[in-house]
Structure formats: structure tokens, C-alpha cells
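Asks: Take this structure first; my questions come after.
Nothing in this text is a laboratory measurement; each read-out follows from the coordinates by a stated rule. Please read these numbers as outputs of a predicted model, since none were measured by experiment. So basically every Cβ, Gly included, is an ideal-geometry build from the backbone, and we count neighbours across all protein chains shown.
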Amino acid sequence: MSMQWEIVIGLEVHTQLSTSSKIFSGASTSFGAEPNTQACAVDLALPGVLPVLNRGAVERAIKFGLAVGAAIAPRSVFARKNYFYPDLPKGYQISQFDLPVVGQGALTIQVEALSGNAKPYEKTVRITRAHLEEDAGKSLHEDFHGMTGIDLNRAGTPLLEIVSEPDMRSAAEAVAYAKALHSLVRWIGICDGNMQEGSFRCDVNVSVRRPGEPLGTRREIKNLNSFKFMQQAIDYEVQWQIDTLENGGKIQQATVLFDPGKGSTHAMRSKEEAHDYRYFPDPDLLPLDITPAMLEQARASLPELPQAKRARYTSEYGLTLYDAGILTASREIADFFEAALDEAPGQTRLCANWITGEVSAQLNRDGMEMVQCPITPRQLGGLLKRITDGTISNSGAKEVFRIMWSEGGDADAIIEAKGLKQVSDSGAIERIVDEIIAANTDKVAEYRGGKDKLFGFFVGLAMKASKGKANPAQLNEILKRKLVDGK
């Protein structure tokens with residue numbers, strides 16, 4: 001990629017709010033029903049129907065605004081966004097235009113290093129606005145013998161559209177922002193985040209420019225529902241725009257789709273502007289008034305947020321920013337960490353190491369999320385206690401963990417059943433060491449003659465004789481004493 005180009009990226013994220021009914025009707029929002037079985041008269045726009053605003057959707061929007069430090073509008077207005085499409089029964093979508101419920105805010109993200117030598121870094125992405133709107137239906141093109149079927153189950157599903165400023169300068173930053181937003185909306189309980197079901201969909205605006213120049217013409221990649229596809233789509237689109245400009249071409253503002261099979265983007269239509277939609281206030285809906293009491297209620301219901309938790313983990317527990325970032329990647333991981341720590345008080349570093357190490361690695365190997373982890377925080381805490389008090393060695397602990405993961409059971413029961421208890425009886429260790437020294441007098445003489453590397457040889461023999469159960473710290477101390485002093 002040519003170094004004299006700067007990438008500029010902004011995101012529009014459609015977050016499906018976790019209400020059980022739609023934003024302007026009582027129809028169900030549950031996923032997977034037979035087509036058109038969850039579309040009522042309001043969703044179908046039958047004559048004479050009126051929309052009624054869902055209070056739960058408003059409460060979720062307020063919670064999001066507070067979580068990103070945004071201004072919440074005391075009064076916001078719903079508008080009609082007019083366009084014609086087969087899955088839009090009314091011929092317009094109810095949205096918010098010039099007066100959104102959530103104003104300017106910001107989200108601090110952790111960005112993975114772009115090269116092997118660089119360190120992960122923090123960046124703050126500004127959020128322009130977040131507004132409430134209804135989803136459209138869905139056109140289905142398969143199995144209709146050349147015809148298109150329309151499913152209106154999604155019509156009227158409540159969405160919060162979160163619009164960022166064009167603050168991101170790489171695909172890595174865009175993906176980090178999308179992941180942080182995905183984690184946050186699940187963390188505060190306003191969205192289930194299920195990308196396969198369309199609960200969290202991203203539109204990515206991409207442009208390139210020479211450093212110092214005004215913003216270039218952007219193209220919008222629509223409906224990305226995977227972080228992997230987002231990365232691929234941005235990388236392809238950026239290279240395509242640079243190649244086009246360097247070959248003397250011009251970028252036309254457009255909406256494009258990403259084809260995962262081909263790994264490329266292709267234009268869908270020229271990009272509409274606000275005036276193309278002929279927005280005007282919806283006469284059927286009163287302005288949305290948000291009272292100070294509603295704000296306070298939403299603020300009281302918010303949990304400790306990821307950024308605050310990260311800061312607390314680094315200051316209170318002395319964890320690195322990297323480890324604190326992993327432990328706050330989702331609310332489930334943070335809750336697991338804190339619950340395990342309750343079982344093994346004071347073992348912060350050990351607990352963090354096990355969750356970011358063994359637990360994370362095993363979850364990845366099994367393709368599981370933390371919520372599916374077969375080991376409970378209580379079980380892990382019990383294992384940590386046995387490592388700390390010297391009952392088992394590190395290798396013994398990994399064996400207990402493996403059995404716990406696949407078969408279940410508590411650490412104490414597994415240690416007992418498998419005979420994994422570490423030998424911390426100094427008398428027993430001394431007897432093993434005495435036997436080894438007596439059987440290897442030539443090697444003892446070499447060690448005492450300055451061949452320090454032989455120490456590992458003696459440790460290996462002692463661990464083998466104890467079947468790996470000797471307490472390593474005690475063994476090293478006894479070996480050193482007997483090899484040097486002979487006592």
C-alpha cells in the first residue's frame with residue numbers, strides 16, 4: 001500500500017435493541033419464526049393504524065448514551081424517511097433526523113499492534129450521534145423460482161443507529177472500534193450482539209486522501225455482520241480506491257456490497273443524500289421528552305463500564321493494560337475473573353494469568369465463548385488455592401485443569417483421586433536427594449569442581465524419583481545445600 005495515502009474510516013452501526021416487542025407495535029421481535037407470522041397490522045401499514053412508541057427502546061437508548069458520555073436530548077423528534085422498496089410497506093421508515101435522542105459521545109478502544117514490533121495502543125473514537133429507528137423487512141431471493149419473497153417479520157424491529165466520526169485510520173482501528181461497541185452494548189444489556197441473526201450490523205464509510213488534503217469521496221460498505229469480513233472488505237476497498245486514483249480515475253460516491261467468496265466489493269447504487277429521502281417530522285408521533293428522572297433511573301441501572309473496570313484492574317490490582325483489556329473484553333470474562341478471585345482472595349496475578357492463559361487457550365481450541373466455559377469460577381478458584389498453598393505443582397495444576405475441563409469435579413477431589421499431591425515433606429525430599437547424591441558421586445565431584453550446569457541433571461533425577469511430585473522450590477533449596485555443603 002502506497003505510503004502517501006491516508007485512510008479515513010467512519011462507521012454506522014445498527015444495533016437491534018433487546019426488547020421483546022417492536023418499536024411501534026406489540027408484535028414479537030424473536031428470531032427464526034416462519035415468514036410474516038410476526039408482522040401485525042401496524043408493521044404491515046394497513047389503513048388507520050397508528051404507531052405507539054416502545055418505552056423499553058427509549059430506556060436502552062438512554063443507557064447507551066450515558067455509557068459513552070453523550071448528551072441525551074431532553075426532546076427529540078421522529079421523522080419519516082421516504083423511499084420505496086419492496087420490504088418497506090409504508091413507503092417510508094420512521095427514524096430520527098435532525099434531533100436524535102443521543103448526541104455527541106466517545107468510546108476509548110484498545111487497538112492491536114499493526115506490526116510485530118509495535119505495542120497495542122489506546123485510541124478515543126468520537127461518536128457523532130445515536131438515533132432510534134425501525135428496521136425494514138427482508139427480501140428473500142432463494143427458492144422462489146426466479147421470484148423474490150418478502151418477509152416482514154423484521155419490519156418495525158427497534159434499532160439504535162450509532163454513527164461515529166471519521167476518526168479511524170486503519171482496518172485494525174475500525175475492527176477494534178466495532179468490537180468495543182459490540183462488547184459495550186452486550187455489557188450494558190441493550191442488545192444480544194448476535195451478528196449471525198443480524199442484531200449487530202455495520203456500514204463502513206471508507207475514503208482515502210493525501211495527508212493534509214480535505215476528506216476524499218467516500219464509499220459505504222453495507223451490512224457487514226462479521227469482524228473478519230469487515231477487515232477484508234476495508235483492506236480491499238482501500239486498495240481499490242488507491243489504485244483507481246493512482247491510475248487517474250475518480251471515486252464516485254456509492255453504496256457497495258462485500259462478496260466474501262470473491263473477497264471484493266462491488267457497487268450497488270449511487271449513494272443517496274439526506275435530501276433524496278425527503279425527511280419530515282412524523283405527524284403520528286409526539287416529540288420524545290426525556291425527564292431527569294428517566295436519566296437517573298438509567299444511570300442507576302448501569303453496571304461498572306469496561307473502561308472504568310480496566311482502569312481499576314491496572315491501578316488496584318497492578319495488572320498490565322493488555323491483561324486488563326483481555327479481562328474486560330466481555331462482561332462474562334470480567335464477571336468470571338472477579339468471581340474466581342472471590343474464591344482465591346489475594347491471588348490476582350495468578351488468577352489473571354490462568355484466565356488469559358489456560359482458560360482462554362482452551363476456549364479458543366474448543367471454539368467456545370466464556371459463557372459456555374465448563375469450569376466454574378468456584379472450581380478455578382479452588383485450583384488456584386491448591387497452587388498457592390503448594391499442594392500441587394504447576395504441571396500437576398495443568399493436569400487437574402485438563403480433567404476438570406473434560407470430566408468436571410473439584411480440584412481437591414481430582415488431586416486425591418489421581419494422586420497428584422505435591423511432596424512438600426522436607427524429610428521425604430531429603431531422602432530422595434541423599435540417594436541421588438550417593439548414586440552419582442562422580443557427577444557430584446564435577447559439580448563441586450565448578451560445573452554448575454549439572455544442577456539441572458540432579459533436579460531432573462529428583463523429579464523423576466518423586467514422580468514429578470516434589471515441591472520444586474523445596475527441592476532446589478535442599479539440593480543446593482547438600483551439593484555445596486554436603487549437609
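Asks: Given only helices, namely DSSP H runs of n ≥ 4 each adding -39500 (n - 2.57), what is the per-residue ellipticity at 222 nm of the chain, to the nearest 500 deg cm²/dmol?
Replies: When only DSSP H runs of four or more count, the value is -12000 deg cm²/dmol.
Asks: Over the chain, what is the mean sequence separation of C-alpha contacts under 8 Å (at least six apart), divided by residue count, expressed as relative contact order in percent?
Replies: It comes to 14 percent, rounded to a whole number.
Asks: Within segment 438-469, what residues put their amide N at less than 12 Å from the label point 7 Å along the Cα-to-Cβ vector of V484?
Replies: none
Asks: Which Cα, out of S25, I190, Q307, lies furthest along the positive dipole direction of the chain (beta carbon charges, K/R +1, D/E -1)?
Replies: So the residue we want is Q307.
Asks: How much length is gained if the chain between A106 and A413 is pulled fully straight, taking 0.36 nm per residue apart and subtracting their Cα-Cα distance, in nm to one decimal? Intermediate results must be reported in sequence, preceding the final value.
Replies: On the way: separation 307, 0.36 × 307 = 110.52 nm, distance 4.90 nm.
Additional length available on full extension: 105.6 nm.
Asks: Which is farthest toward the positive dipole end of the chain among L160, G409, L461, measuring Cα position about the Cα centre, with Cβ charges +1 (Lys, Arg) and -1 (Asp, Glu)?
Replies: Towards the positive end, the residue furthest out is L461.
Asks: May I ask you to list the GluC sites (Glu not before Pro) in segment 239-339 that are in a DSSP loop and have at most 14 other Cβ atoms within 10 Å of their Cβ?
Replies: Those satisfying the criteria are E272, E273, E304.
Asks: Using the structure shown, list the pairs from K81/K309; K22/K222; K138/K262; K119/K309; K385/K443; K81/K262 with a Cα-Cα distance above 29 Å, or answer none.
Replies: Exceeds cut-off: K81/K309; K385/K443; K81/K262.
Asks: Next question. So for the pair A339, R75, with labels modelled 7 Å out along Cα→Cβ, what separation do we get in nm?
Replies: About 4.7 nm separates the two model spin labels.
Asks: Points 7 angstrom from Cα along the Cβ direction at E296 and A267: gap in nanometres?
Replies: So the two model labels end up 5.6 nm from each other.
Asks: Within 10 Å, at most 14 other Cβ atoms, and a DSSP state outside H, G, I, E, B define an exposed site. Report the longest part of the chain free of exposed chymotrypsin sites (Phe, Trp or Tyr not before Pro).
Replies: Looking at the chain, 145-487 is the longest stretch - no exposed chymotrypsin sites (Phe, Trp or Tyr not before Pro) with at most 14 other Cβ atoms within 10 Å.
Asks: How far apart, in nm, are two points set 7 Å out from the Cα along the Cα-to-Cβ line at Q196 and at A33?
Replies: 2.2
Asks: Right, another one. Loop-only check: which trypsin sites (Lys or Arg not before Pro) in segment 58-122 are DSSP coil with at most 11 other Cβ within 10 angstrom?
Replies: Numbers: sites: R60, K63, R75, R80, K81, K90; in loops: K90.
Listed in order of number, the matching sites amount to none.
Asks: Let me ask something additional. Counting other Cβ atoms within 10 Å of each Cβ, which trypsin sites (Lys or Arg not before Pro) in segment 244-349 have at most 10 and sit in a DSSP loop?
Replies: Of the trypsin sites (Lys or Arg not before Pro), the ones in loops of segment 244-349 whose Cβ has at most 10 other Cβ atoms within 10 Å are K250, K262.
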